[in-house]
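Each remark here refers to the structure printed beneath this line.
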Amino acid sequence: MYRWVEHTAELELAIEAPTQEAVFEDALAAYAELVGPPLDGQQVVHSVEAEAPDRAALLAAWLEELIFLAETEAFVPERAEIALYPGAVSARVEGRRGDPPHVVKAVTYHDLEFSPAGGGWRARVVLDV
Amino acid sequence: MSEQLRRIDETLWEIPASSRADMRVPARVFADVELLEAIRGDQSLEQLMNVATLPGIVEAALAMPDIHQGYGFPVGGLAAMELPDGVVSPGGVGYDINCGVRLLALPLAEPELGGRREALVHELSRRIPAGTGRGGPLDLGPAELDAVLRDGPRALPGVSPGDVERTESEGRLSGADPAAVSERARQRGHSQLGTLGSGNHFLEVQRVAEIFDPAAAEAFGLAQGQVTILVHSGSRGLGHQVCTDYVRLMDASHARYGIQLPDRQLACAPASSPEGRQYLAAMAAAANFAWANRQAIADGVRDAIRRVLGSDVGAATRQVYDVAHNVAKIERHGGRDVLVHRKGATRAFPAGSEEIPAEYRAVGQPVFIPGSMGTASFVLAGEPGSMERSFGTTCHGAGRRLSRTAAKRQIGGAELRRQLEAGGIVVRCPSNKGLAEEAPFAYKDVDRVVDVVQRAGLARRVARLVPLGVVKG
């Protein structure tokens, strides 16, 4: 589950999910909300790999991969099969070509969080828009 | 916070370095009572105090009256670092490296534009791609992109020497190294030259509504009633990626340099370190790309003018100046070289500075302060107080007051469009939602911001510009 938090100039994304993989899935869903909907068309699949020293930075790196695909391939993600490893994420991302507005410039490390919460996981990430 | 904040003079407040154990210098903000109240409504001052903890910071972490909460550094903040070992922080420049403003002056007054205004705005929206990562008029090959990264606008065909001369740093920061720019940044940027981008980027057709300083206005080539076009854009995806790459690199280097930070987004490294030097080389390249981007946009603007108003008008459209408001530069202040980070702040060198074009040297460097969409913008000139009090710096805009969500809650894009058009402003925007996010009431009062920097002696008003039409990114 994700929600957008009020922030004067940027967009702050707050996620609560039962598993770490679900946090990454929710981040994709939130980003898809920003850049969607896809145009009608054939499904496109991308393999995405990213590395980072900790889970919070890995979540940022995951979103950065999606931003890169939106900006260079006009790719609007729809769903992903996500595998997490120590310091890495590997995913098969399905989506379609769209007309993604260039709303997100980057993923910041400001107030970046990825931590256990109530038997699940909580994450927070501020996007520069 | 209130007990820590003390008033220094009419327009300057200070949070002493003793307020927090990790602050190395005080945090100072230029404001008036009303603006300060708004500033205290978000985390701006806490973020400014965080900046005051950075290794090598000189004198104070400073903020302009348009300060608002950002990430890491506040927007509207500046910090000067001692050299060679003070830090450089990519977040202190921001993701949109060399976001900035260029002003073009047309050789005609508003009545002469007359009924062709809507056609001009429409043609501008056709010529200048806005919104997403849509490609621009130029798709650069690797060698062409290298040339732009090294040399900025000079690398583009047919650029007039006058445009280059009337650009901050003549559109080229030294030390730019294309090899320091990642392949991913190049992929994001190679087709984006000449594009506006989204968010708060825009093109505005304006009228000079008021002249405050006739001598400076004349030097800048501005007259009452004259039509101007203001361009607000930056380094697009290329700059965003450069910042992303180096925040990550520096985040991983803190242990090596013994750096501890209150906010991870303040990631930094000594300017003299391999990471610091590499970032400065990449940032300079991205800054040069941004100047080339605004040059390519200006070329598109002149094309639109030629088509709608005639080739003579296009040829006589003169660039007043181009200023950066997200950049880090080595400058001499107080008898020593320092690395000045400006994030949402504008260089404002006074009369006599050799860094500004000879034709403006008697009046001071032009500074452009875009107001929010649909409200007034200002042309200022740098004043000596900027060198004494703010490392040669003034404000950059109105500064956000409301979040984008809050703005959209208060007005729909269609209604805002109707209101702007009812006020006589022609609007072209790819998205009603994006339009609502930039509603004028989401920003602080630009008149008040400019009043503070004038009273503080950082810059003075030269002219006030009001919108006739806007193309929003």
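No value in this document is a laboratory result; all are computed from the given coordinates. Computed from a predicted structure; not experimentally measured. Cβ placement follows ideal geometry from the backbone for every residue including glycine, while neighbour counts extend to all protein chains displayed.
A few comments on the model shown:
- Rounded to the nearest Hz, the phi-derived 3J(HN,Hα) couplings of the range B:23-36 under the Karplus curve 6.51 cos²θ - 1.76 cosθ + 1.60 (θ = phi - 60°) are 6, 8, 9, x, 10, 10, 9, 7, 6, 10, 4, 5, 5, 4, where x marks glycine and proline.
- Maximal additional length on extending the B:Arg409-B:Glu210 stretch stands at 68.3 nm, based on 0.36 nm per residue less the C-alpha distance.
- Partner lysines whose Cα lies under 19 Å from the Cα of B:Lys433, excluding those fewer than 8 positions away in the same chain, are identified as A:Lys105, B:Lys408, B:Lys472.
- Amide N proximity, the range A:7-50 versus A:Glu73 label position 7 Å along Cα-to-Cβ, cut-off under 12 Å: A:43-49
- Here the scattering of the protein assembly as shown is modelled by Debye summation over its C-alpha atoms, one equal scatterer each and no solvent; at q = 0.08, 0.09, 0.10 Å⁻¹ the log10 of I(q)/I(0) is -0.50, -0.65, -0.81.
- Projected label points at A:Ala14 and B:Ala422, each 7 Å from Cα along the beta carbon direction, are separated by 3.6 nanometres.
- Relative contact order of chain B, taken over Cα pairs closer than 8 Å and 6 or more residues apart, is 22 percent.
- Projected over all directions and averaged, the alpha-carbon convex hull of the range B:234-359 occupies 10.4 nm².
- Straight-line cross-link partners of B:Lys444 among the aspartates and glutamates, defined as a Cα under 18 Å from its Cα and at least 8 positions apart when in the same chain: A:Glu6, A:Glu10, B:Asp32, B:Glu34, B:Glu37, B:Asp42, B:Asp66.
- Virtual spin-label span in nm between B:Glu37 and A:Gln42, 7 Å along Cα→Cβ: 6.1 nm
- Amide H partners (placed H, <5 Å) of B:Gly457, local residues excluded: none
- The string of couplings for the range B:438-444 from the Karplus curve (6.51, -1.76, 1.60, θ = phi - 60°) is 9, 4, x, 6, 7, 10, 5 Hz, one whole number per residue in order, with x for Gly and Pro.
- Counted by neighbouring Cβ atoms within 10 Å, the residues B:Val101, B:Val75 run from fewest to most as B:Val101, B:Val75.
- Straight Cα distances below 13 angstrom link B:Lys329 to the aspartates and glutamates B:Glu82, B:Glu168, B:Asp337, B:Glu355, with same-chain residues fewer than 8 positions distant left out.
- Other protein chain Cβ atoms within 10 Å, averaged over every residue that makes up B:391-401: 1
- With a 10 Å cut-off around each Cβ of A:94-101, the average count of Cβ atoms from other chains is 2.
- 3J(HN,Hα) along the range B:394-404: 9, 6, 10, x, 7, x, 5, 10, 10, 5, 4 Hz, from the Karplus curve 6.51 cos²θ - 1.76 cosθ + 1.60 with θ = phi - 60°, whole Hz, x for Gly and Pro.
- Sequence-distant residues sharing a close amide H with B:Gly371 (under 5 Å, placed H): B:Ser377, B:Phe378
- Rg/Rh for chain B (Cα atoms only, Rh after Kirkwood) is 0.95.
- Each of B:Trp291, A:Trp62, B:Trp13 has some number of other Cβ atoms within 10 Å of its Cβ, and from fewest to most they run B:Trp13, A:Trp62, B:Trp291.
- For the pair B:Ala315 and B:Glu355, label points projected 7 Å from Cα toward Cβ lie 3.7 nm apart.
- Rounded, prolate or oblate (a/c below 1.5 giving rounded, otherwise prolate when a/b exceeds b/c) for the range B:18-150 by Cα gyration tensor: oblate
- In plain terms, the C-alpha convex hull of the range A:1-66 casts an average shadow of 5.6 nm² when viewed from every direction.
- Taking all pairs of distinct alpha-carbon atoms in the range A:2-128, Kirkwood radius in angstrom: 14.5 Å
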